[in-house]
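Engineer: Quick one: structure below, then a few questions.
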Protein chains: 2
Amino acid sequence: MDLKVYLKEQCACIDKALDRFLPKETELPHSIHKAMRYSVFAGGKRVRPILMLAACQAVGGDYGRAIPAACAMEMIHTYSLIHDDLPAMDDDDFRRGNPTNHKVFGEAIAILAGDALLTEAFKLISDPRFAGGCESSGLLAVIHEIATCAGSYGMVGGQVIDMESEGRHDIDLATVQYIHTHKTGALIKASVVAGALLAGAKGEHLTAITRYGEAAGLAFQIADDILDIEGTTEEIGKDAGSDQARGKATYPAVMGLAAAKEEAKSMMDEALRALEIFGAEAEPLREIARYIVQRRN
Amino acid sequence: MDLKVYLKEQCACIDKALDRFLPKETELPHSIHKAMRYSVFAGGKRVRPILMLAACQAVGGDYGRAIPAACAMEMIHTYSLIHDDLPAMDDDDFRRGNPTNHKVFGEAIAILAGDALLTEAFKLISDPRFAGGCESSGLLAVIHEIATCAGSYGMVGGQVIDMESEGRHDIDLATVQYIHTHKTGALIKASVVAGALLAGAKGEHLTAITRYGEAAGLAFQIADDILDIEGTTEEIGKDAGSDQARGKATYPAVMGLAAAKEEAKSMMDEALRALEIFGAEAEPLREIARYIVQRRN
C-alpha cells in the first residue's frame with residue numbers, strides 16, 4: 001500500500017465529515033462556531049481519527065461506521081490544543097504556523113470554544129442520526145473509553161504533571177513516561193480501542209489493539225521529542241528546540257538522544273508485534289506505526 | 001410534603017454520591033483532583049441533580065437509578081462556574097463566599113479542573129458499573145440530551161451571548177430570553193428530561209416534563225435576576241446589585257422589576273400546568289417550581 005495516498009484519502013474523508021458535523025458559522029452564536037472551526041481546520045494531520053478508522057478496519061469492521069467517533073476524537077484533540085495554548089498554560093502565539101485561537105478570538109472565546117468542542121464530541125457520538133448500525137452498548141463503551149482517556153486519569157492528568165514538571169531538573173524517566181502515556185498516549189490508545197469497539201471487537205483482538213495503541217502512542221510522543229531536537233522549524237511548524245528551551249520533560253532529556261531513538265524503535269516493534277494475529281486488514285495500522293517513528297513533521 | 005426536609009435529604013444523597021464518584025485527592029495528579037473537589041463541594045444547592053431525581057420519580061421511576069447522571073449534571077454545572085469565574089471571563093474572586101477556583105489553585109489548574117469535570121461527567125454516565133438497570137439506549141439518549149444542552153447550542157452559547165451583550169445598552173427582550181434559556185435554562189431542562197428518560201418516559205409524559213423544564217428553567221433565572229436587586233449580599237452569596245453594576249442583560253433591566261416578577265410567576269404557573277397529567281409522584285417537582293420563584297437565596 002502507498003501510505004501517503006492512504007493518509008491523504010482518509011484525511012480528506014475526515015475533513016469532509018468534520019465540516020458536516022461541526023456547527024455552521026452561520027448558526028448562533030457565530031463567534032463561537034467560527035472559533036471552533038478555525039482551530040479544527042488549522043492544518044491538523046488527523047492522526048487520531050485515521051488511527052480509529054484503521055483500527056476499525058483491522059479487526060474486520062467497516063470503517064465508515066467509525067467516522068462520527070473519529071471526528072469526535074479530533075474535536076477533543078483540538079479542544080486540548082486550544083486550552084494548552086492559552087496564556088495561563090503554555091502561552092503560545094502560533095500553532096502549525098497560524099495564530100493560536102486566543103490570539104484571533106480572545107481568551108474568553110478560546111476557553112469556551114474548547115469547552116464546546118469537548119461537549120460536541122460526546123453529543124456527536126451519542127447522536128442517534130449517526131449511529132450507523134452500531135449498537136447502543138458499543139457506543140456507550142466508546143464514550144466511556146474516550147472520556148476515561150481524555151480526563152484527569154488520562155490526557156488532562158498528563159498535562160497537569162507536564163506543567164508541574166516544567167523547569168525542574170530532577171525529572172526521572174518514570175515521570176516522563178507518565179506524562180507521555182497520559183498527555184498524548186491516552187488519546188491515541190482510546191482512538192484505536194474505540195475503532196475496534198465500533199467493529200464489535202472482543203477478547204484477544206481487543207487486547208491486541210489496546211497493546212498496539214499503547215506502544216504506538218508512546219512511540220509517537222518519543223518521536224515528537226526527537227523531532228523537536230532534530231527537525232527544522234519549518235518541518236515541525238513550531239520553533240525547533242522549544243521543548244529544551246522551556247525545560248520540558250522529554251525522553252532525550254532524561255535518557256539522551258541515542259537511547260530515545262532506540263526506545264522509539266522498540267515501541268514501534270512492540271506495536272507491530274501486537275498486530276501479528278491480524279491479516280492484511282491491519283496493513284494500514286502497521287504502516288502508520290512505521291510512519292510515526294520515521295516522519296519528519 | 002416538607003420541601004425543606006426533602007431538599008436537605010436529597011442534597012445529602014447527592015453529596016454522598018459525588019464524594020463516591022469523584023476521583024480521590026490521594027489519586028494522581030493530586031492537584032487537579034483537589035481542585036475538582038474544592039469547587040464541587042463549595043456549597044452548591046444541587047438544584048439540577050435534585051430536579052433530575054424528582055423528574056425521574058414524577059414519571060414513575062426509581063430515583064436511585066438517576067443518581068450517577070444527577071452527579072454528572074452537577075459536575076457540568078460546577079465546570080461552568082469555574083470557567084465563568086476565570087479572569088478572562090467574569091473575573092470573580094469569590095463565589096458563595098469562598099475564593100474561586102483559580103484564586104486558590106491558579107488559572108491553569110482551574111481551566112484543567114473544569115475540563116476534567118466536564119469529561120468526568122460523560123465518563124460517569126457511560127460507566128457500566130453504575131448503569132443500575134438502565135438500558136444502554138436510554139443512557140445514550142441522556143448523554144445526547146445533556147451534551148446538546150451544555151454545548152454551543154445550549155449553555156456555552158448562552159454564555160457567549162451574555163458576554164457579548166455585557167455593557168451594551170441596546171439589549172432587547174429577545175436577547176435576554178436567549179441568554180436565560182441557554183445559559184441557565186438549558187441545563188435545568190436537560191436535568192428533568194434526563195431524569196424522565198432514565199425512568200423510561202416517552203410520549204406525552206416526556207413532552208410534559210420538557211415543558212416543565214423549560215418554564216422552570218426560565219423562572220429560575222428571572223428569579224435570580226430579581227434576587228440580584230432585592231436580595232442582601234448575605235442572602236445571595238455575592239455582591240447585591242452586581243448584575244446592574246456590570247450592565248448585565250437581565251429581565252428587570254429590559255422590562256422593569258414589576259413586570260419581571262409577573263413573568264417569573266407566569267413561568268411558574270406554566271411549569272405547574274405542565275405537571276397536571278401527573279399524580280402525587282410529581283409533588284416534589286411542583287414544590288420545587290414554587291420554591292424557585294419564592295426563594296431568597
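Every number in this text was worked out from the coordinates using simple rules, so none of it is lab data. What you see is a predicted model, and the numbers here were worked out from it, not measured in a lab. A quick note on method: Cβ atoms are made from the backbone with ideal geometry, for glycine too, and the neighbour counts reach across all protein chains shown.
Engineer: Determine which lysines satisfy two conditions relative to A:K248: a Cα distance under 18 Å, and not lying fewer than 8 residues away in the same chain.
Structural biologist: Of all the lysines, those that pass the test against A:K248 - Cα under 18 Å, at least 8 places apart if same chain - are A:K183, A:K238, A:K261.
Engineer: Taking the Cα centroid of the stretch A:176-240 and of the stretch B:33-73, what is the distance between the two, rounded to the nearest whole Å?
Structural biologist: Each part's Cα centre sits 35 Å from the other's.
Engineer: Suppose you put the label 7 Å out from Cα in the Cβ direction; list, shortest first and in nm with one decimal, how far A:E234 is from each other copy's label.
Structural biologist: Here the equivalent label points are 7.1 nm apart from this one.
Engineer: I need the phi-derived Karplus couplings for the stretch B:244-258: 6.51 cos²θ - 1.76 cosθ + 1.60, θ = phi - 60°, integer Hz, Gly and Pro marked x.
Structural biologist: Result, ordered by residue: 4, 4, 8, x, 6, 6, 10, 4, x, 5, 8, 10, x, 5, 5 Hz.
Engineer: Report, in debye and to the nearest 20, how large the dipole of the protein assembly as shown comes out about its Cα centre when Lys and Arg carry +1 and Asp and Glu carry -1 on their Cβ.
Structural biologist: With only Lys, Arg, Asp and Glu charged at Cβ, the dipole is about 1000 debye.
Engineer: Identify all lysines with a Cα-Cα distance to B:K265 below 19 Å; exclude those on the same chain that are fewer than 8 residues away in sequence.
Structural biologist: Within the straight-line limit of under 19 Å, B:K265 reaches these lysines: B:K189.
Engineer: Moving to a separate point now. Count, for each residue of A:87-93, the Cβ atoms from other chains sitting within 10 Å of its Cβ, then give me the mean as a whole number.
Structural biologist: Shielding by partners across A:87-93 averages 3.
Engineer: Something else now. Please average, across the residues of B:129-140, the number of beta carbons from any other chain that are within 10 Å of each residue's own beta carbon, and give a whole number.
Structural biologist: 3
Engineer: Going 7 Å from Cα along the Cα-Cβ axis for the label, what nanometre distances separate B:G97 from the same residue across the other copies?
Structural biologist: 5.7
Engineer: Given the -39500 (n - 2.57) contribution per DSSP H run of 4+ residues, what per-residue ellipticity at 222 nm results for chain B, rounded to the nearest 500 deg cm²/dmol?
Structural biologist: Working: 16 runs with 203 residues, N = 297.
So the calculated ellipticity at 222 nm is -21500 deg cm²/dmol.
Engineer: Also, I was wondering about something else. Shielding by partners for A:270-276, please: the mean number of other protein chain Cβ atoms within 10 Å of each residue's Cβ. It would help to have the intermediate numbers written out before the result.
Structural biologist: Values: counts 0, 0, 0, 0, 0, 0, 0.
Whole-number average of other-chain Cβ neighbours for A:270-276 is 0.
Engineer: In whole Hz, with x marking every Gly and Pro, tabulate ³J(HN,Hα) for the stretch A:197-209 from phi via Karplus 6.51 cos²θ - 1.76 cosθ + 1.60, θ = phi - 60°.
Structural biologist: After applying 6.51 cos²θ - 1.76 cosθ + 1.60, I find 4, 5, 8, x, 5, 9, x, 5, 5, 5, 4, 5, 5 Hz.
Engineer: log₁₀ I(q)/I(0) of the stretch A:166-297 at q = 0.14 Å⁻¹, via Debye over equal Cα point scatterers, no solvent, to two decimals?
Structural biologist: -0.64
Engineer: Shifting gears a bit: What is the magnitude of the charge dipole of the stretch B:3-294 about its Cα centre, with +1 placed on the Cβ of each Lys and Arg, -1 on the Cβ of each Asp and Glu, and no other charges, expressed in debye to the nearest 20?
Structural biologist: On the way: 29 positive and 42 negative charges, 175 e Å.
Its charge dipole is roughly 840 debye.
Engineer: With θ set to phi - 60° and the Karplus curve 6.51 cos²θ - 1.76 cosθ + 1.60, what are the ³J(HN,Hα) couplings of the stretch A:275-286 in order, to the nearest whole Hz, using x for Gly and Pro?
Structural biologist: Taking θ as phi minus 60°, the curve returns 8, 4, 6, 9, x, 5, 4, 8, 4, x, 4, 5 Hz for the stretch A:275-286.
Engineer: Could you give the semi-axes, largest first, of the ellipsoid that matches the protein assembly as shown, computed as the square roots of 5 times the alpha carbon gyration tensor eigenvalues and rounded to whole Å? Present the calculation step by step, with values, prior to reporting the outcome.
Structural biologist: On the way: eigenvalues 357, 141, 88 Å².
In descending order the semi-axes read 42, 27, 21 Å.
Engineer: May I pose another question? Relative contact order for chain B using alpha-carbon pairs under 8 Å, separation at least 6, rounded to a whole percent?
Structural biologist: 21 percent
Engineer: Another question, then. Averaging over all projection directions, find the projected area of the Cα convex hull of the stretch B:3-294 and quote it in nm² with one decimal place.
Structural biologist: Working: hull surface 56.6 nm².
Its average projected convex-hull area is 14.2 nm².
Engineer: Tell me which GluC sites (Glu not before Pro) from the stretch A:1-58 have a DSSP coil assignment and no more than 13 other beta carbons within 10 Å of their own.
Structural biologist: Sites meeting the loop and neighbour criteria: A:E27.
Engineer: Taking loop as defined by DSSP and a crowding limit of 15 other beta carbons within 10 Å, which trypsin sites (Lys or Arg not before Pro) in the stretch B:1-45 fit? Walk me through the numbers before you get to the answer.
Structural biologist: Working: sites: B:K4, B:K8, B:K16, B:R20, B:K24, B:K34, B:R37, B:K45; in loops: B:K24, B:K45.
Hits after loop and neighbour filter: B:K24, B:K45.
Engineer: Go through A:T250, B:L139, B:H169 and say which Cα lies farthest out towards the positive end of the charge dipole of the protein assembly as shown; charges sit on Cβ, +1 for Lys and Arg, -1 for Asp and Glu.
Structural biologist: Comparing the listed Cα positions along the dipole, B:L139 ranks first.
Engineer: Under 18 Å Cα-Cα from B:K24, which lysines qualify once same-chain neighbours fewer than 8 residues away are excluded?
Structural biologist: Those lysines meeting the cut-off are B:K16, B:K34, B:K123.
Engineer: Which three semi-axes in whole Å describe the equivalent ellipsoid of the stretch B:35-145, each the square root of 5 times a Cα gyration tensor eigenvalue, listed largest first? Don't skip to the end; give the middle numbers.
Structural biologist: Values: eigenvalues 170, 43, 21 Å².
Over the Cα atoms of the stretch B:35-145, the ellipsoid semi-axes are 29, 15, 10 Å.
Engineer: If each label sits 7 angstrom from Cα along the C-beta direction, how far apart, in nm, is A:G132 from its counterparts in the other copies?
Structural biologist: 3.4
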